[in-house]
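The values are calculated or read from the model by the stated rules, or taken from the named source; none is laboratory data. None of these values were measured; they are calculated from a predicted model. Neighbour counts run over all protein chains shown; Cβ positions are idealised from the backbone, glycine included.
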Amino acid sequence: MVWLRSAPLVVVMLAATVGYMASLARYILGHDHGEYVMTGTEGGAPHPPGYPLYVLWLRLWSWIPLDAVLRSSLASAVLGLAAILLLYRAARSFRISPPASALAVALFAFSPRVWQIHTHAENLSLNSLIAAGILWVVAAPLAPALRLGLLGLLAGWGASNHHLLALMAPVWLWGVGRSCKKAGWGWLLVGLVMGLLPYASTVVIARSPGDRWVWGELTCVEDLVSYLLRLEYGSFQLTPQLDARQVGPAEQLLAQVRRIGSDLLWLPALVGYMAAMLALGGAVASRRLWGQGSVALSFLLSGPGLMLINRTPPEALGGLLVGRLDQQAEMLLCLLVAWAVDKGVRRLGGAAWRVRWVLPVMALLGAPRSLERAREAYRPTVQLYLVNLLETLPPGAVVIGGDDLHLFGLLYLQRIEHKRSDIVHIAPTMLFRPWYAARIARALGAPPEGVTARGIVMTHLIASLMARGRPVFLLDADDNYNEVLERFPNYPEGVTIRLLAPGSTPPETAQIEALNEALFARYTLEDRPPERGSFGARIVRDYARPWRFLAAEYGEQQRSAEVARMEARARSFEPLSIPLGPPEEVARSNVNYR
């Protein structure tokens, strides 16, 4: 019966729609989130390669009278839901049965990693749709000219969004090979040119950026080519943080297997890995199986292959930085799982054939887990922290340090929500980029001093700011700032470290405690700290810092009661011990700017 064939897909789509809509991100998160919401609201060009197609998609939604963050999350969710539906059509085009096709989309849609990519402003949500589109186009019964044109268009869209889609090359080339003998290459070229048109918006912005956030100057063809190819980071590598530990291929591969296994409920993931090996072997033996083989090869490139060139530690940013790149591999693996399950059930026949409709429903068991993780990840922790930071700084203050979370989050609050435009945030490693240094110069009214070709003389920079009467604060207290903390008297002031002019005397311990008590009384805090592995876990340590400082000070004074009280206060800000993911994802990492 036709309605029975559609029932599993309807159930999966309904569950995904309800779940996604119930968990849309409503607050600024970490990493690039603030930058995407900001450029999607006011236009502009994010970090290379600019993701112009995704920014244009967000701009199309800017007329909807919703909060900017919620509106951007809704725009991503629509892309994610469309990708799920298109993935089902792709599976059916590969002649996979309806229940097995529904199983593939259920595993993909309810993966915790994919769920979060689809429910907040993240360019990889568009990657889901483009990747699913490629899978559908290569297998669907289309006219050769139309297939070539669409594959060219999807390749252009991929280049206009995220370079990760280049790892879909094997399946894309298989689709081209199916049609190139029956239609001219011109269709492919026309589609490619049309797919690259979103970069025209970048050219327009570069010619007249106005007050919009644009990464770089983009004043000439050379700048635009470098921007498109992300030469700033290295086109074919993933740039680790500056002081990251070295990570070997074996550790990267093992970490990915753990992540994907956890996301796809382990047994399906293992079935998918075995199916990939069998598909590659089958493709070598028979030309009729090249379609399956191309999907398996694309999976190996998108998954294990990507990890072989990745040097960013798996635990960076609580596992969120590297883990998000598993999304494309998970989609391809889910398709391989569907192939394997379909073939196995057909061979078993009998009762297995009759109960095959239950398989997609079993995959729905992952939905409550993913919903819970998304809600935890999307708590207002980061936005409250940034608002607390801005609203308690003195007029004209300069705050130095942090990472992407601070850079893009503060830019969003100042530019979109118009909070405290008098505050200047300086990301030190960004000062090596002349265009960024020029913007800081405009904000300060004079060029930042101490920036040389050999590095940044932080003490010189801070001394010059103090000479202009600017209150100066640090966000970090790591080894990079040892010389600063030795030269300038300092003490913790809320989530920052206040620097004083040389020769000044910091307040007494009791005064510092009273000052921080007053500041924390002004802060808006949550009832409980975030869980490990979330964006919020990255920054709550800043809330604990003044109380750990005071515990150390009282310890030197041998005041044990005060030490216990301060340590208890600090522990109240520690992330909860219940992790959101595998062990390698819960370690804290301080990620630098690209």
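Structure values in brief
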{"read-out": "Inter-residue pairs, beta-carbon under 6 Å, first β-branched (Val, Ile, Thr) and in region 189-209, second assigned to a helix (DSSP H, G or I) and modelled with pLDDT of 90 or more, 6+ apart", "value": "Thr202/Pro52"}
{"read-out": "Residue match in region 124-134 (condition: assigned to a helix (DSSP H, G or I), assigned by TED's automatic domain parsing to the domain that holds Leu197, under 30 Å from Tyr27 (Cα atoms) and among the hydroxyl-bearing types (Ser, Thr, Tyr))", "value": "yes"}
{"read-out": "Residue check for Leu413: of a type outside the set (Ser, Thr, Tyr), buried (at least 19 other Cβ atoms within 10 Å of the Cβ) and in contact (Cβ under 8 Å) with a residue 12 or more places away in the chain", "value": "yes"}
{"read-out": "Test for Ser6: is it more than 17 Å from the chain's Cα centre (by Cα), assigned to a loop (DSSP other than H, G, I, E, B) and of a type in the set (Ser, Thr, Tyr)", "value": "no"}
{"read-out": "Test: residue in region 490-510 that is part of a loop (DSSP other than H, G, I, E, B) and surrounded by 17 or more Cβ atoms within 10 Å (Cβ to Cβ)", "value": "yes"}
{"read-out": "Check on Val78, without any contact (Cβ under 8 Å) to a residue 12 or more places away in the chain, more than 29 Å from Arg207 (Cα to Cα) and part of a helix (DSSP H, G or I)", "value": "yes"}
{"read-out": "Count of region 81-108 residues which are part of a helix (DSSP H, G or I) and either aliphatic (A, V, I, L, M) or under 11 Å from Asp342 (Cα atoms) (or both)", "value": "19"}
{"read-out": "Sole exception among (1) under 20 Å from Ala377 (Cα atoms); (2) touching a His at 6+ places or on another chain (Cβ under 9 Å); (3) among the polar types (S, T, N, Q) for Ser111, by number", "value": "(2)"}
{"read-out": "Flag if Ala544 is out of contact with any Leu (no Cβ under 8 Å at 6 or more places or on another chain), surrounded by fewer than 17 Cβ atoms within 10 Å (Cβ to Cβ) and of a type outside the set (Lys, Arg)", "value": "no"}
{"read-out": "Set Val399, Val382: member being crowded, with 21+ Cβ neighbours inside 10 Å, modelled with pLDDT of 95 or more and closer than 21 Å to Asp542 by Cα", "value": "Val399"}
{"read-out": "Pair list, Cβ < 6 Å and 6+ apart or interchain, from region 1-15 residues that are aliphatic (A, V, I, L, M) to residues that are modelled with pLDDT of 75 or more and part of a helix (DSSP H, G or I)", "value": "Leu9/Tyr88; Leu9/Ala102; Val12/Ala102; Val12/Val105; Val12/Ala106; Ala15/Ala367"}
{"read-out": "Candidate set from region 77-93 (those that are more than 15 Å from Val12 (Cβ to Cβ) and either outside the structural domain of Leu332 (by TED's automatic domain parsing) or out of contact with any Leu (no Cβ under 7 Å at 6 or more places or on another chain) (or both)); member that is modelled with the highest pLDDT", "value": "Val78"}
{"read-out": "In region 142-162, residue surrounded by the fewest Cβ atoms within 10 Å (Cβ to Cβ) [restricted to those that are within 22 Å of the chain's Cα centre (by Cα) and in a loop (DSSP other than H, G, I, E, B)]", "value": "His162"}
{"read-out": "Answer from Leu53, Leu60 - the residue that is out of contact with any Leu (no Cβ under 8 Å at 6 or more places or on another chain) and in the same structural domain as Ala121 (by TED's automatic domain parsing)", "value": "Leu60"}
{"read-out": "Condition check for Arg71: surrounded by fewer than 24 Cβ atoms within 10 Å (Cβ to Cβ), within 20 Å of Leu336 (Cα to Cα) and not β-branched (Val, Ile, Thr)", "value": "no"}
{"read-out": "Matching entry among Pro360, Pro304 (being under 25 Å from Ile130 (Cα atoms) and at pLDDT below 90)", "value": "Pro360"}
{"read-out": "Residues of region 523-541 classified as touching a helix residue (DSSP H, G or I) at 6+ places or on another chain (Cβ under 6 Å) and within 23 Å of Glu562 (Cβ to Cβ), total", "value": "1"}
